[in-house]
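Colleague: Structure in structure tokens, see below.
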Amino acid sequence: MSLKSPMKTAPPLNAALAWTSLGLQWMEMMAASSHVIARRTRRNHSAAQWYRMGSEKMEAAVASGNAMTRQMIGFPLHDPMAMWGAWARVLASGVAPYRARAVRNARSTARRP
């Protein structure tokens, strides 16, 4: 027997946690990006390296758009509180590909001298 919540709307805590998680992911991405940008601007790059860096950004943009589209498919339209939390999840799914690449690049540049 499952217990159902007497509330028909999503609890405000769910939405607050979703937005807090998004904020933490955003901060992690910004911190990692600052290390990568500082490291990469000090070096000379070949045309192939510039192309690879640009391609990486385009791949992240496509992955971000796909992830956000998948989240939008089940978007709740009936409940404002559920919608508030859903928007945070949509944005978090869009940030995830960029954050993953930024963190990965920060780790790989930290290992290099």
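Colleague: Through the Karplus equation 6.51 cos²θ - 1.76 cosθ + 1.60, θ set to phi - 60°, convert the phi angles of the stretch 44-52 into ³J(HN,Hα) values in whole Hz; use x for Gly and Pro.
Modeller: 8, 10, 7, 4, 5, 5, 5, 5, 5
Colleague: On a 0 to 90 degree scale, rounded to 10, what angle separates helix 12-41 from the longest Cα axis of the chain?
Modeller: That works out to roughly 0 degrees.
Colleague: The stretch 60-113: D in µm²/s via Stokes-Einstein (Kirkwood Rh, Cα pairs, 25 °C, 0.890 mPa s)?
Modeller: Numbers: Rh = 12.5 Å.
The diffusion coefficient I find is 197 µm²/s.
Colleague: Over the chain, what relative contact order in percent results from Cα pairs under 8 Å that are six or more residues apart?
Modeller: Working: 85 pairs, mean separation 53.3, N = 113.
Once normalised by length, the contact order is 47 percent.
Colleague: OK, next. Taking the Cα centre of the stretch 60-113 as origin and charging only Cβ (+1 Lys, Arg; -1 Asp, Glu), how large is the dipole, in debye to the nearest 20? Don't jump to the answer; show the numbers that get you there.
Modeller: Numbers: 8 positive and 1 negative charges, 113 e Å.
Charge dipole of the stretch 60-113: 540 debye, to the nearest 20.
Colleague: Based on Cβ point charges of +1 for Lys and Arg and -1 for Asp and Glu, what charge dipole magnitude is obtained for the chain about its Cα centre, in debye rounded to the nearest 20?
Modeller: Details: 16 positive and 4 negative charges, 132 e Å.
That gives the chain a dipole magnitude of about 640 debye.
Colleague: Please name which of 76, 63, 44 has its Cα lying farthest along the dipole of the chain towards the positive end, using unit charges on Cβ (Lys, Arg +1; Asp, Glu -1) and the Cα centre as origin.
Modeller: Looking along the dipole axis, the top candidate is 44.
Colleague: Nearest 0.05, what FRET efficiency do residue 34 and residue 100 give at R0 = 22 Å with Cβ-Cβ as r?
Modeller: E(calc), rounded to 0.05, equals 0.85.
Colleague: Please list the equivalent ellipsoid semi-axes of the chain, computed as the square roots of five times the alpha-carbon gyration tensor eigenvalues, in descending order and whole angstrom.
Modeller: Each semi-axis is the square root of five times an eigenvalue, giving 37, 15, 10 Å.
Colleague: Please arrange 35, 45 by how many other C-beta atoms lie within 10 Å of their C-beta, fewest to most. Intermediate results must be reported in sequence, preceding the final value.
Modeller: Values: 35 16, 45 12.
Fewest-to-most Cβ neighbours within 10 Å comes out as 45, 35.
Colleague: In a GNM of the chain with a 10 Å cut-off on Cα contacts, which of 55, 21, 93 has the highest mean-square fluctuation?
Modeller: 55
Colleague: Points 7 angstrom from Cα along the Cβ direction at residue 42 and residue 70: gap in nanometres?
Modeller: 3.7
Quick note: the coordinates plus some simple rules give every number you see, no bench work behind them. Note that the structure is a prediction, hence the values are computed from the model and not measured. FYI the Cβ positions are ideal-geometry reconstructions off the backbone, even for glycines, and counts take in every protein chain you see.
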